[in-house]
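Contents: one structure, followed by commentary.
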């Protein structure tokens, strides 16, 4: 389809046509015209254009037209070789933050940024002097000079793909960084790399011709287009075609590469931006947190125990963002715990920290953070821990479109867990993947396992993501907004499936949602978060009737039900959520709370437990709210 689209466009047709001609001449030129290009005619030295010699002869009487045709092979080979050097080195440098870790990666990125700031021509001349004259030195010079721009492009593309949920899922499964790069990242950045490589080849060709023209590239007796231009320069006034002929060949070949690259960009849907660098979201994702000494023992019978969890994001002007501020909770075997709150309250950041999907420079600190009896902060990044997390911890992400790698079949992605952690063969792992798809009620699992994610509906992708978590023996399932972007019927199917998985496997569930009604139906306990803190914890069945924090009651009131009076305005929470970079003193909810007084605005409430074990952080807990405060508009 893309090839047909490419040929239907005039730019694509012209570019491919020219490229085919250039490559054909490069392949066949020395075979067809090699002898004619070397015949010496001493009686016809430095002759001008004629019927016998279309663009004249050189100082030995050799036909310049045939020499231009024969020089095509060396010119193209050197240009492609230098482009390959740029791509390989650029890919290594661009992948350094992912493969070598954030500290070394930042150092490499800094060096790349410095090199990108230098003009390309200066870099080419510098490396040409360092490596010396000749074909090899010129190839290395041009290749190294082009590497920084490719490194910048690769870094941007890799950073964007690394934030996808399927990469996070692979990391949770314990897949090595190198395999993640090869299997999940490279296939998804191949298209823009091919486009940029094609377009860059034209510029590399020109750079090579320039080096040879200056005497730093190809040396006699070999010759490329640049060498021919240099030889023809002496007679530019008597026979300008001797220099303009190879120059015209450089223009045609460069135009062929550039037009083909532009057409490929359009066919792949990448747009013109790929010529410089397709802008992606450059961010920090994945892996381990900052080590902190254990302060408390894990809760008895808990599969997950979290004490005083803090997540800090560095920011400019020395004002770090405290995304999570002292969160303490536990999830017991077989229990379902819901986490609710508005966007930006710290729900997902808490889950990412628990799943070890946060990396420096973001800091993760805790008095204690244990999963299945193992201290996650003290365990480092050992193979044993990766295996434990890969088989015992399942994560269901909120966006079903990004839950799977679009370039691989669903069955092979599910089978990856069993192959790496359970030692199954490719066939046995695929058979288990089919069985797990059947377990999450996907029809025709054998056929579906051989399909790509885009062939699944949103609900099917979400069920398949749950099936991926069941490839091992999960003791905890973290579901981060698993029903986002799904219609209500499919939402209920996904929630029913999670409940069924809990019954069948005995796994605990940590369900993150902004929908109070969802956690009420599914969970045993509910944690209410605001501004990075837990402000209330109580049984899910009591959420609508016994909530004591004004924020919790406002969340409940904001969810309409079948008894909502349609003649009155819907309930809303006044004001805006707190900016995590500027959390005020006192209670963070005070500016939006109808009960707040000066004491609330100056003294932060402590999260305290009542005799029943419910916790609340509020100076006015349980006090009645003014009538119809929910009508105040945000």
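Of all the listed residues (211, 157, 206), the sole one being over 18 Å from residue 253 (Cβ atoms) and assigned by TED's automatic domain parsing to the domain that holds residue 73 is 157. Residue 283 falls short on exactly one of the conditions (1) assigned by TED's automatic domain parsing to the domain that holds residue 24; (2) surrounded by fewer than 19 Cβ atoms within 10 Å (Cβ to Cβ); (3) modelled with pLDDT under 90, and that condition is (1).
Name the one entry in 102, 49, 10, 97 that is farther than 25 Å from residue 211 by Cα and surrounded by 22 or more Cβ atoms within 10 Å (Cβ to Cβ). Explain how you work it out, then say what you get.
Numbers: 102 fails: surrounded by 22 or more Cβ atoms within 10 Å (Cβ to Cβ); 49 fails: surrounded by 22 or more Cβ atoms within 10 Å (Cβ to Cβ); 10 fails: surrounded by 22 or more Cβ atoms within 10 Å (Cβ to Cβ).
The match here is 97.
Can we say residue 157 is farther than 17 Å from residue 135 by Cβ, at pLDDT 85 or above and in contact with a helix residue (DSSP H, G or I) (Cβ under 6 Å, 6 or more places away or on another chain)? Before you say what the answer is, go through the steps one by one.
On the way: farther than 17 Å from residue 135 by Cβ: yes; at pLDDT 85 or above: yes; in contact with a helix residue (DSSP H, G or I) (Cβ under 6 Å, 6 or more places away or on another chain): yes.
So residue 157 fits the description; yes.
Just one of the listed residues (57, 83, 72) is assigned by TED's automatic domain parsing to the domain that holds residue 151, closer than 25 Å to residue 134 by Cα and touching a strand residue (DSSP E or B) at 6+ places or on another chain (Cβ under 8 Å), and it is 57. In the range 383-402, the condition of being within 23 Å of residue 160 (Cα to Cα) and assigned to a helix (DSSP H, G or I) is met by no residue. Scanning the range 473-485 for residues that are in contact (Cβ under 8 Å) with a residue 40 or more places away in the chain, surrounded by 21 or more Cβ atoms within 10 Å (Cβ to Cβ) and over 22 Å from the mean Cα position of the chain (by Cα) gives 474, 475, 476, 477. You will find that of 533, 553, the residue that is closer than 30 Å to residue 621 by Cβ, assigned by TED's automatic domain parsing to the domain that holds residue 352, within 35 Å of the chain's Cα centre (by Cα) and buried (at least 18 other Cβ atoms within 10 Å of the Cβ) is 533 and no other.
Can you name every residue in the range 438-454 that is within 11 Å of residue 404 (Cβ to Cβ) and in a helix (DSSP H, G or I)? Walk me through how you get there before you give the answer.
Taking the range 438-454 and keeping what is within 11 Å of residue 404 (Cβ to Cβ), we get 451-454.
If the condition is that a residue be within 11 Å of residue 404 (Cβ to Cβ) and in a helix (DSSP H, G or I), then 453, 454 are the ones that fit.
If you check 261, 275, 316, which single one turns out to be closer than 26 Å to residue 158 by Cβ and at pLDDT below 55? Explain how you work it out, then say what you get.
On the way: 261 fails: at pLDDT below 55; 316 fails: at pLDDT below 55.
275 is the lone residue from the list that is closer than 26 Å to residue 158 by Cβ and at pLDDT below 55.
Which ones in the range 457-483 are outside any helix (DSSP H, G or I) and either over 28 Å from residue 386 (Cβ atoms) or not assigned by TED's automatic domain parsing to the domain that holds residue 397 (or both)? Selection gives 457, 483. For the range 554-569, enumerate the residues that are part of a loop (DSSP other than H, G, I, E, B) and in contact (Cβ under 8 Å) with a residue 60 or more places away in the chain. Selection gives 558, 568, 569. A single entry from 364, 327 fulfils the requirement of being in the same structural domain as residue 520 (by TED's automatic domain parsing), over 26 Å from the mean Cα position of the chain (by Cα) and crowded, with 20+ Cβ neighbours inside 10 Å: 327.
The values are calculated or read from the model by the stated rules, or taken from the named source; none is laboratory data. Every value quoted in this text rests on a predicted model; they were computed, and no experiment measured them. Cβ sites come from the backbone with ideal geometry, for glycine too, and all protein chains shown count toward neighbours.
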